[in-house]
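Engineer: What follows is a structure written as structure tokens; I'll ask about it next.
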Amino acid sequence: MHVPARIYASKKLLDNMDSGVIEQVTNVACLPGIVRYSYAMADAHWGYGFPIGGVAAFDTEKGIISPGGVGFDVNCGMRLIRTNLRFSEVKPKVKELVDLIFSLVPAGVGVKGSQSFAQSQMGDITSLGVRWCAEHDLAWDDDPEHVEEGGYIRGADISKVSRQAITRGVSQFGTLGSGNHYLEIQVVDPDRYFDPALAKEFGIVHDDQVMVMIHCGSRGFGHQVCTDYLRNFESGMRRFGIEVRDRDLACLPFNSKEGKDYYSAMVCAANFAFVNRQIIVNKVRDAFAKVFHRDAEALDMHLIYDVCHNVAKVEKHRYDGSSMEVLVHRKGATRSFGPGHQDIPASYRDVGQPVIIGGSMETGSYLLVGTAKAMEDTFGSTAHGSGRTMSRTAAKREVRGAELQRKMLERGIYVKAATMDGLAEEAGMAYKDISEVVETMDRAGISKKVVALRPVGNIKG
Amino acid sequence: MPFRFLPDVALADIAFEAESDSPDGLFETCGAAITDIMVDPKTLRPTTERSFSLESEDLDRLLYDFMTELIVIKDVESLLFKEYEVKVSPQGTSLTAVIKGEAIDRERHRLRNDVKAVTMHLFGVKHEGRRWRTTVVLDI
């Protein structure tokens, strides 16, 4: 091992953490150029090569880049938008809202988006992300600054993306996908309204205010980018004499041509994901405006923030007493920059970056804030969600989709799913206790709780 | 054995094991497994045909590329396949495939999980005696 491994966990989480995490976080610690620690966050579970919930920073001169350290769904991430509606106003309309959004935001196997673009536009779209959307009336003026990296990551180059990735992705903008992806109508939980002063900085002023959370990524475009480079990195490793303990740890020097090509393609996919979530938000705004007979501006449907949780980015960090540029891989981990950082929007700079942690569709989610301690300890990173504890097959054995849908309705959560099998696989019992994950990171000082959000309407991909 | 799901291999995704007495059969079985993950095959009809050829460095990568091609066709053309006829070259470095299925119909097809990618985890073709085996973990 080049560096030690560091695992954030309570005793309860550690006792239940699958052994694969320990092995994988150790494997990552053996990769060339890794600095300080190989991290596993409190939600860590087994992944391909790197654990999900893993963070690793590499020296940009001597270190590697790994498609498996980013994940197949490049820039899978979370987006949170607020409304000025109280739950009492929304409660009678939840079914109407969910049904309408379900019709506007395609979800499930092989779906196409309602927003079509030409293949010739893909270079601009994937270079400029939400900035491109703002220039084409597909985003509000203040949307880009409330997206990580200001709406797009610099360094995209569409010529490094395969034709297959482009043809897969071009018709998928504005689609939710499937697996663990969802779109949720949520309410600020009055019993877990942890920091009202901080919440106010993010535009949350009521303890039963209605929010919308979106969890999805770069769809087939990002998956194809990862597939293409994972395959090609294997042969490249032989040339560079790099040996890894798992084929999914395939990596190459960041400074090599292949490493740089992957980075440029991966950035395209990350920007694709920002645009995908933006187009979904546009549909959500349309739906709320239609149901409440007020335009989305009047409903104050501003973006609180959009965070990546599968990405590799070049960032400057201080460690060992000096400032250094590193390539931070966050795979199932969220950036958690503390107050004062220049990459945080001016409106949030005094308080820190919003951190959005998505839970299972039954247990709710959290809005947290980044901290100075995260900058010191984890390259400004924290957990991303609750993490699975049960396989999809096992979950389906435990509960049927229709039965789960009925029980959730009894508990005040109206769910619409692309498939009943997919719904059963995402049951809350298949996931770790998100509150334990969030508490662990809060106690470690890596991210601090602001509010908890409970689901009242859910669209499951 | 056509294919068998491995529920404990990938918590968040889906893994299966496939076996056949020939590379052709192994590829066809892997195709059928991918179909089974995405849709109840009993609800699918073989009314639309697609054919393609592939070349790769070795049998491992040929299988990886074959499964990836099925995922690409699903995303680009919204087609799912019920019948697979694959001919792998004796060297194991190229193939021709004729596959039959139909466009996704959300009313008639019982859809399941969307398969998004083939991972390299545990992946590889093993040839023992007259049996070809593989383990595949798919990203869901």
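Throughout, read-outs are computed from the coordinates displayed, never taken from laboratory work. Remember, predicted model here, so these are calculated numbers, not experimental data. Using ideal geometry, Cβ is built from the backbone for each residue, glycine included, and neighbour counts are taken over all protein chains shown.
Engineer: Between B:ARG106 and A:GLN342, how high is the FRET efficiency from 1/(1 + (r/R0)^6) when r is the Cβ-Cβ distance and R₀ = 45 Å? Nearest 0.05.
Structural biologist: For R0 = 45 Å, the calculated efficiency reads 0.45.
Engineer: If I model a spin label at A:SER235 and A:GLU403 as a point 7 Å from the Cα along the Cα→Cβ vector, what separation in nanometres do I get?
Structural biologist: 5.1 nm
Engineer: Now for a different question. For a quick protection proxy, order the peptides A:66-74, B:34-42 by their average other-Cβ count within 10 Å, most packed first.
Structural biologist: A:66-74, B:34-42
Engineer: Restricting to Cα atoms and excluding each atom paired with itself, what does the Kirkwood estimate give for the stretch A:252-368 in Å?
Structural biologist: 17.1 Å
Engineer: Let me ask something additional. Can you give the relative contact order of the stretch B:3-139 as a percent, counting alpha carbon pairs under 8 Å and 6+ residues apart? Don't skip to the end; give the middle numbers.
Structural biologist: Numbers: 267 pairs, mean separation 45.3, N = 137.
In percent, rounded to a whole number, it is 33.
Engineer: Still on this structure: Which order do the peptides A:351-361, B:67-77 come out in when sorted by mean C-beta neighbours inside 10 angstrom, highest first?
Structural biologist: Listed from highest to lowest mean packing, they are A:351-361, B:67-77.
Engineer: Using only the Cα atoms, work out Rg/Rh for the stretch A:36-84, with Rh taken as the Kirkwood radius, to two decimals.
Structural biologist: Ratio of gyration radius to Kirkwood radius: 1.09.
Engineer: Which trypsin sites (Lys or Arg not before Pro) in the stretch A:151-226 sit in a loop by DSSP (not H, G, I, E or B) and have at most 15 other Cβ atoms within 10 Å of their own Cβ?
Structural biologist: Hits after loop and neighbour filter: A:ARG154.
Engineer: Going by alpha carbons, how many degrees (0 to 90, nearest 10) lie between the helix axis of A:122-135 and the longest principal axis of chain A?
Structural biologist: Tilt relative to chain A: about 40 degrees.
Engineer: Please go through the residue pairs A:LYS407/A:LYS449; A:LYS160/A:LYS283; A:LYS396/B:LYS126; A:LYS257/A:LYS313; A:LYS62/A:LYS260; A:LYS260/A:LYS313 and name each one whose alpha carbons sit more than 20 Å apart in this structure.
Structural biologist: Over 20 Å Cα-Cα: A:LYS407/A:LYS449; A:LYS160/A:LYS283; A:LYS396/B:LYS126.
Engineer: While we're here: When chain B is treated as a GNM, springs tying every alpha-carbon pair under 10 Å, which of B:ARG45, B:ARG108, B:ARG61 comes out with the largest mean-square fluctuation?
Structural biologist: Looking only at B:ARG45, B:ARG108, B:ARG61, the largest GNM fluctuation is found for B:ARG108.
Engineer: Continuing with the same structure: Counting pairs of alpha carbon atoms under 8 Å apart in space and at least six apart in sequence, what relative contact order in percent does chain A give? Each step should come with its number before you reach the end.
Structural biologist: Details: 1149 pairs, mean separation 106.3, N = 461.
23 percent.
Engineer: Please give the FRET efficiency for A:HIS2 paired with A:ALA372, using the beta carbon to beta carbon distance and R0 = 45 Å, rounded to the nearest 0.05.
Structural biologist: Computed FRET efficiency for A:HIS2 and A:ALA372 comes out at 0.95.
Engineer: While we're on this one: Compute the projected area of the convex hull of the Cα atoms of the stretch B:3-139, averaged over all viewing directions, and report it in nm² to one decimal place.
Structural biologist: Approximately 7.8 nm², given one-decimal rounding.
Engineer: Using a 10 Å cut-off around each Cβ of peptide A:370-378, what is the average number of partner chain Cβ atoms that fall inside?
Structural biologist: Average neighbour count from other chains, rounded to a whole number: 0.
Engineer: I'd like the mean, over residues of A:229-240, of how many other protein chain beta carbons sit within 10 Å of each residue's own Cβ.
Structural biologist: Rounded to a whole number, the mean comes out at 2.
Engineer: Can I ask one more? Which value, in nm² and rounded to one decimal, describes the direction-averaged projected area of the C-alpha convex hull of the protein assembly as shown? Could the numbers behind the result be given before it?
Structural biologist: Working: hull surface 99.2 nm².
Average projection, Cα convex hull of the protein assembly as shown: 24.8 nm².
Engineer: Compute the acute angle (0 to 90°) between the alpha-carbon long axis of helix A:257-292 and the principal axis of greatest extent of the alpha-carbon atoms of chain A; round to the nearest 10°.
Structural biologist: 0 degrees
Engineer: Can you classify the stretch A:109-244 as rounded, prolate or oblate using the Cα gyration tensor, where a ≥ b ≥ c are the square roots of its eigenvalues, rounded means a/c under 1.5, and otherwise it's prolate if a/b beats b/c and oblate if not?
Structural biologist: Prolate is the answer for the stretch A:109-244, as a/c is 1.5 or above and a/b outweighs b/c.
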